[in-house]
Amino acid sequence: MRKIVIGAVAVAMTMGLAACGSDDGGSDKGGSALDGKGKTLKVWIMEGTNPNAKPFFDELNAAFEKKTGAKVKVEFQQWKSAQTKFTTAIEGGADQVPDVAEVGTTWVPQFAKTGALVDVTGEVKEAGLDSDLVEGLKDAGTLDGKQYGMPWYAGVRSIVYRKDIFEKHGLKAPTTWAELEATAKTLQKEEPGMIAFPVAGGAEMFAAPFVWGGGGQLAVEEGGTWKSAINSPESVKGIEFYTGLATKDKVSPAKATTWTEAEVKDEFVKGKVAMTISGNWTPKAFIEANKDLDGKLAAIPIPGETGGVSKSFLGGSYLSTFNGHNKELAWEYVKMATTGEFAAKWAEQTNYFPGTNSGVQAIADKKDPLVEPFAKQMIEGGATVPKTPAYGEIQATQVVTKMVQSILKGEASVQEAADKAAEEMDAAFAKSE
């Protein structure tokens with residue numbers, strides 16, 4: 001998944017992204033235009049990221065046709081059915097797969113292992129792009145040292161809080177776990193009508209930063225074999241802190257035990273949440289949904305246990321080329337879409353971060369208080385889930401969220417719940433080998 005299904009924070013990044021490509025929308029490195037006369041590229045794009053994607057692709061496709069002579073046919077796909085459609089197309093071979101497709105970062109390993117994706121490591125390096133890619137995003141699309149596409153856009157979760165409520169009670173943004181706990185407890189006491197910090201049992205990516213922040217891992221790879229690490233002492237420490245905010249400190253109500261991110265958003269918009277983990281795409285969405293929140297929000301990176309920036313899931317999409325009949329043209333299209341003016345336009349229209357360090361840094365340099373913290377989180381603490389097809393099954397069966405919910409409901413201790421989750425993970429890993 002790329003489950004950052006995503007809303008928005010407006011960011012202007014044209015200057016930073018344009019530095020990655022030429023004014024004609026393609027990279028100024030990596031060769032001249034190809035002759036694509038008489039050919040048509042088939043492109044699959046997920047629906048929903050850009051509220052009005054057709055004008056963007058009309059412009060991109062016209063520029064591509066002018067440069068190469070090739071026409072482009074864009075087909076929009078639904079996220080919920082796309083994985084099945086991809087699998088069916090891959091089984092059908094070169095005649096069935098798209099030439100270019102938007103692929104969620106956690107799908108890349110699955111499709112790459114089937115041989116469906118083109119290794120573009122050399123092309124990325126030749127185009128001079130490899131050293132500028134955000135490390136977490138580059139890593140997400142790299143398997144066994146081979147890169148399968150270009151990062152297109154991404155989002156990351158940090159902490160969003162009510163600046164006005166913090167100021168009212170003289171509170172500072174927390175920089176450690178201890179400060180986060182103390183701040184949440186103060187908010188719970190001083191603002192009994194608000195939820196201080198929701199421990200959302202249905203939101204896997206709310207729990208993961210604390211696993212990573214405690215020095216733990218979801219899983220580790222040893223000798224080509226994946227094994228769960230969610231029940232390690234370091235991981236358990238993070239899970240215990242996170243769930244303890246609800247079970248011990250009572251800063252999150254019982255009703256949040258099954259909440260997803262969407263339900264947290266709904267409560268935040270209603271003015272009932274003081275501080276929460278949330279994506280870089282959400283502050284603007286919060287304000288659009290409730291104009292009274294304008295000027296009242298702030299953001300910070302998720303703190304590590306004793307300071308610094310905790311890791312947080314860096315999710316998004318790649319544009320990948322498939323092993324079809326137009327691989328060279330497909331790469332040219334990917335390069336045009338993910339660098340230069342079209343990368344800038346897409347990022348600005350969708351309110352996501354680009355896949356380049358220079359682009360993200362350009363955003364951070366603007367010092368927008370609702371954007372800069374997320375940029376810092378992305379550059380310093382972007383992380384990915386285990387790069388194995390088995391993790392898709394683990395997410396689909398909600399192993400992590402079931403673990404968190406069993407703790408919140410008092411059905412198991414933290415260690416017991418983590419041990420059970422580890423068993424389920426290991427079974428999935430063994431089945432995929």
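The values are calculated or read from the model by the stated rules, or taken from the named source; none is laboratory data. As the structure is a computational prediction, the values presented were derived from the model and not from experiment. Ideal geometry is used to build each Cβ from the backbone, glycine not excepted, and the neighbour counts take in all protein chains shown. Side chains are part of the model used for accessible areas, which takes the heavy atoms of the whole protein and leaves out ligands, DNA and RNA. Shrake-Rupley method; radii C 1.70, N 1.55, O 1.52, S 1.80 Å.
Brief remarks follow.
- Put a plus charge on the Cβ of each Lys and Arg, a minus charge on the Cβ of each Asp and Glu, and nothing anywhere else: the dipole of the range 204-284 about its Cα centre is then about 380 debye.
- Heavy atoms of the protein chains alone define the surface here; on that basis the chain has 40 Å² accessible area per residue at 1.4 Å probe size.
- For the range 311-316, the Karplus equation 6.51 cos²θ - 1.76 cosθ + 1.60, evaluated at θ = phi - 60°, returns couplings of 6, 9, 4, 9, x, x Hz by residue, with Gly and Pro reported as x.
- Per-residue 3J(HN,Hα) values for the range 85-96, derived from phi via the Karplus relation 6.51 cos²θ - 1.76 cosθ + 1.60 with θ = phi - 60°, read 5, 4, 4, 5, 5, 4, 5, x, x, 4, 6, 9 Hz in sequence order (x marks Gly and Pro).
- For Leu143, nonlocal amide neighbours, meaning residues 5 or more places apart or on other chains whose placed amide H falls under 5 Å from its own, are Tyr148.
- Carbon and sulfur %, accessible surface of the range 94-230 computed with the full protein complex present, 1.4 Å: 44
- Counting only protein heavy atoms and a probe of 1.4 Å, the accessible surface of the range 335-433 is 48% carbon and sulfur.
- Among the protein heavy atoms of the range 249-310, carbon and sulfur supply 47% of the accessible surface, probe 1.4 Å, non-protein parts ignored.
- Tilt relative to the chain, helix 53-68 - C-alpha long axis, 0 to 90 degrees, to 10: 30
- The distance from the alpha carbon centre of the range 297-342 to that of the range 385-433 is 26 Å, rounded to a whole number.
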